[in-house]
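The values are calculated or read from the model by the stated rules, or taken from the named source; none is laboratory data. Just so we're clear, the structure is a prediction, and the values are computed from it rather than from any experiment. Cβ sites come from the backbone with ideal geometry, for glycine too, and all protein chains shown count toward neighbours.
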Amino acid sequence: MPLPKKIAIIGVGLIGGSIAMGLKQRLGSKITILGACSTLKRAKITQSIHIIDQAVVDINSIPGDVQIVILASPIHTNIKLIKRFASLNSKNTVFIDISSTKSQIAFLARKLSLPFIPTHPMAGKESSGFENADANLFVNKPWIVCPGSNVKPQLKEMVENLIALLGANIILMDPGKHDELIGLVSHLPLFVSHVLLSTIHKKERKKTIAAISSTGFQDMTRLAHHNDTLKNDILKTNRKNVIAHLSLFSQELNLFINQSRNQSYEHI
């Protein structure tokens with residue numbers, strides 16, 4: 001089973017850090033992992049605690065023998081990185097991302113002829129950062145893989161083997177279908193949670209409400225605490241699907257309100 005000997009992770013946060021830790025746990029010294037964080041200081045910390053082997057100062061310093069570059073930064077950053085990497089002409093390197101939307105970045109990579117495979121691991125935690133990384137985060141979790149472009153067969157196989165090694169279950173999917181379905185099962189709950197919390201904040205006596213809230217409320221609003229960058233990136237790159245799903249949810253909510261008002265509901 002061909003596996004990479006050297007990879008680079010651009011964005012060693014929760015997901016990028018978990019990938020690095022998972023590979024180190026399973027491959028040890030058989031793999032060398034380069035990594036970049038939001039700041040060089042944080043990258044140096046991940047190196048000092050052995051999440052990565054070498055901190056990346058600048059993408060131009062990534063050596064040519066790196067076989068896989070994993071873009072694990074926010075969506076808008078990954079899109080900028082796609083443009084930068086395309087100018088480096090790395091024919092023996094495959095690039096993958098872990099962004100939560102796929103169509104826009106897949107189209108751009110294809111347009112720029114970058115060897116690129118769009119992917120999306122369906123795993124995460126409430127808290128971000130490499131401080132919360134987990135070597136077993138992806139075990140038995142879905143990992144969506146979209147058709148790549150300009151990718152050599154051996155590099156494609158290497159990416160699939162890497163994902164399988166981390167314990168994830170690969171699901172093949174078209175980028176457009178990914179954005180439609182993930183918009184329903186992931187992005188819709190995110191924004192419904194956001195609206196629910198916003199509704200509560202407009203009520204008086206918020207401190208009393210917070211004092212009496214229990215696990216049900218916390219579960220329903222947990223997603224609303226995701227950072228605004230993620231929400232904005234999703235809206236910018238999957239707006240059509242998000243609006244369509246929210247509109248459908250709104251119709252169902254109005255139907256339930258009318259049924260409740262008329263006491264005509266049959267099933268809840």
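Structural remarks
- Only a single criterion out of (1) touching a helix residue (DSSP H, G or I) at 6+ places or on another chain (Cβ under 6 Å); (2) surrounded by fewer than 21 Cβ atoms within 10 Å (Cβ to Cβ); (3) under 19 Å from Gly129 (Cβ atoms); (4) of a type in the set (A, V, I, L, M) is not satisfied by Ile51, namely (2).
A quick yes/no check of all residues on (1) surrounded by fewer than 17 Cβ atoms within 10 Å (Cβ to Cβ); (2) at pLDDT 95 or above; (3) in contact with a strand residue (DSSP E or B) (Cβ under 7 Å, 6 or more places away or on another chain):
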| position | (1), (2), (3) |
| --- | --- |
| Gln25 | yes, yes, no |
| Thr39 | yes, no, no |
| Ser61 | yes, no, no |
| Phe85 | no, no, yes |
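- Scanning region 70-85 for residues being over 16 Å from Lys111 (Cβ atoms), of a type in the set (Val, Ile, Thr) and in a helix (DSSP H, G or I) gives a total of 2.
- Scanning region 118-136 for residues that are surrounded by 16 or more Cβ atoms within 10 Å (Cβ to Cβ), in contact with a Gly (Cβ under 7 Å, 6 or more places away or on another chain) and part of a loop (DSSP other than H, G, I, E, B) turns up Ser128, Ala133, Ala135.
- Scan region 225-268 for residues that are over 16 Å from His187 (Cβ atoms) and either among the charged types (D, E, K, R) or in a helix (DSSP H, G or I) (or both) and the total you get is 13.
- Looking only at region 199-235, and only at residues there that are among the β-branched types (Val, Ile, Thr) and within 13 Å of Pro74 (Cα to Cα), the one that is modelled with the highest pLDDT: Ile234
- Here is the figure for region 1-34: residues that are more than 22 Å from Lys141 (Cβ to Cβ) and either within 18 Å of the chain's Cα centre (by Cα) or not in a loop (DSSP other than H, G, I, E, B) (or both) total 7.
- Residue check for His187: touching a strand residue (DSSP E or B) at 6+ places or on another chain (Cβ under 7 Å), within 14 Å of Ser100 (Cα to Cα) and assigned to a helix (DSSP H, G or I): no
- Lone qualifier among Ile163, Ile98, Ile68 - being touching a residue at least 60 places away in the same chain (Cβ under 8 Å), closer than 21 Å to Val185 by Cβ, in contact with a strand residue (DSSP E or B) (Cβ under 9 Å, 6 or more places away or on another chain) and among the β-branched types (Val, Ile, Thr): Ile98
- Residue within region 248-259 that is surrounded by 15 or more Cβ atoms within 10 Å (Cβ to Cβ) and out of contact with any Pro (no Cβ under 7 Å at 6 or more places or on another chain) present: yes
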